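Novice: Handing you this structure, nothing more for now.
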Amino acid sequence: QVQLVESGGGLVQPGGSLRLSCAASGSVFAINTMAWYRQGAGKQRELVARISSGGSTNYADSVKGRFTISRDNAKNTMYLQMNSLKVEDTAVYSCYAWDRSRNYWGQGTQVTVSS
């Protein structure tokens with residue numbers, strides 16, 4: 001079992017920055033892929049960025065060049081650095097982990113980009 005807890009969401013103006021954190025606990029040694037997803041009001045959940053255990057990354061086209069995903073295996077924590085935020089980035093951001101057999105989700109953290 002893996003537990004995921006996100007932090008770092010909040011209200012920011014367009015053009016601003018936020019860093020989200022996802023702390024993992026439990027059977028963290030089994031985690032392979034981790035990712036950030038988001039779901040805006042009235043929208044489908046979408047993949048924002050993904051990082052493998054080896055550090056390979058993938059990004060949604062809408063965030064390339066603005067967001068950076070990383071993970072600190074020593075701290076069992078994944079991060080999402082979000083720069084140049086846009087109003088359309090407003091969503092609930094959720095942490096995801098996969099241990100080759102099960103999917104795990106955090107509770108989500110709200111990010112609101114507004115002037």
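Novice: Sequence-distant or interchain residues sharing an amide H contact under 5 Å with S27, placed H: which?
Specialist: For S27, whose amide H was placed from the backbone, the distant partners under 5 Å are V2, Q3.
Novice: If I ignore ligands, DNA and RNA and count only protein heavy atoms, how much of E46 is accessible to a 1.4 Å probe, in Å² to the nearest 10?
Specialist: 70
Novice: I would also like to ask the following. Per residue of the stretch 18-25, in order, report the coupling 6.51 cos²θ - 1.76 cosθ + 1.60 (Karplus, θ = phi - 60°) as ³J(HN,Hα) in whole Hz, putting x for Gly and Pro.
Specialist: 9, 10, 8, 10, 9, 8, 9, 9
Novice: State, to one decimal in nm, how far the label point of N103 lies from the label point of V5, with both points 7 Å from Cα in the Cβ direction.
Specialist: Using points 7 Å along Cα→Cβ, the separation is 2.4 nm.
Novice: In terms of modelled amide H atoms, which long-range or inter-chain residues lie less than 5 Å from the amide H of K86?
Specialist: Here the answer is G15, since their amide H atoms fall under 5 Å of that of K86.
Novice: Can I ask one more? Please give the length that would be gained between D72 and Q44 if that part of the chain were fully extended, namely 0.36 nm times their separation in residues minus their C-alpha to C-alpha distance (nm, one decimal).
Specialist: Going from the current span to full extension adds 7.2 nm.
Novice: Please give the length that would be gained between K86 and T33 if that part of the chain were fully extended, namely 0.36 nm times their separation in residues minus their C-alpha to C-alpha distance (nm, one decimal).
Specialist: Gain on extension, K86 to T33, equals 16.4 nm.
Novice: Can you tell me the relative contact order of the stretch 1-88? Whole percent, Cα pairs under 8 Å, sequence separation 6 or more.
Specialist: Averaging sequence separation for qualifying contacts and normalising by length gives 32 percent for the stretch 1-88.
Novice: Treating only the Cβ atoms of Lys and Arg (+1) and Asp and Glu (-1) as charged, compute the dipole magnitude of the stretch 17-103 about its Cα centre; round to the nearest 20 debye.
Specialist: 40
Novice: Specify which residue in the list M82, S56, S17 is farthest towards the positive end of the charge dipole of the chain, using unit charges on the beta carbon of Lys, Arg (+1) and Asp, Glu (-1), about the Cα centre.
Specialist: Of the options given, the answer is S56.
Novice: Which value, in Å² and to the nearest 10, is the accessible area of R45 when all protein chains are kept and the probe is 1.4 Å?
Specialist: We get 130 Å² for R45.
Novice: Follow-up question, since we're still on this one. How long are the semi-axes of the equivalent ellipsoid of the chain, taking √(5λ) for every eigenvalue λ of the Cα gyration tensor, in whole Å from largest down? Display every interim value, and only then the final one.
Specialist: Numbers: eigenvalues 110, 37, 32 Å².
Taking √(5λ) for each Cα gyration eigenvalue gives 23, 14, 13 Å.
The values are calculated or read from the model by the stated rules, or taken from the named source; none is laboratory data. Small disclaimer: the values here were computed from a predicted structure and weren't measured. We place every Cβ from the backbone using ideal geometry, glycine too, and count neighbours over all the protein chains shown. Areas reflect the complete protein model, heavy atoms only, side chains present, ligands, DNA and RNA absent. Shrake-Rupley method; radii C 1.70, N 1.55, O 1.52, S 1.80 Å.
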